[in-house]
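Student: Structure in structure tokens, see below.
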Amino acid sequence: MGDLSELAKEYKGSGFRIIGLSADAMPENPDMVLSSKEMFESAGGNFTNIIASQSVIKTMLQLSLIHISE
């Protein structure tokens, strides 16, 4: 996460944004969400980090695969 935080600092204000997607915390489980947020903050995360449901993660992975294969 340190490298991503450094990139976020470097490109701040340029229009380039780093967005993290937390795949191990599910919104349906508040304890996991809190743990994920605490871990992100304690690791120095300074960029947008989305905690997404399984369906959102599945869609994002499908879109990534489509983009990679083109």
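Student: Hey, can you grab everything whose amide H is under 5 Å from the amide H of Ile51? Only 5+ residues off in sequence or another chain; H modelled, so Pro and N-termini drop out.
Tutor: Result for Ile51 returns Ser22.
Student: Label points 7 Å out from Cα along the Cβ direction at Tyr11 and Ser42: separation in nm?
Tutor: Distance between the two pseudo-spin positions: 2.8 nm.
None of the figures in this text is laboratory data; all of them are computed from the coordinates on show. All values reported here derive from a predicted model rather than from experimental measurement. Note that we place each Cβ from the backbone using ideal geometry, even for glycine, and neighbour counts take in every protein chain shown.
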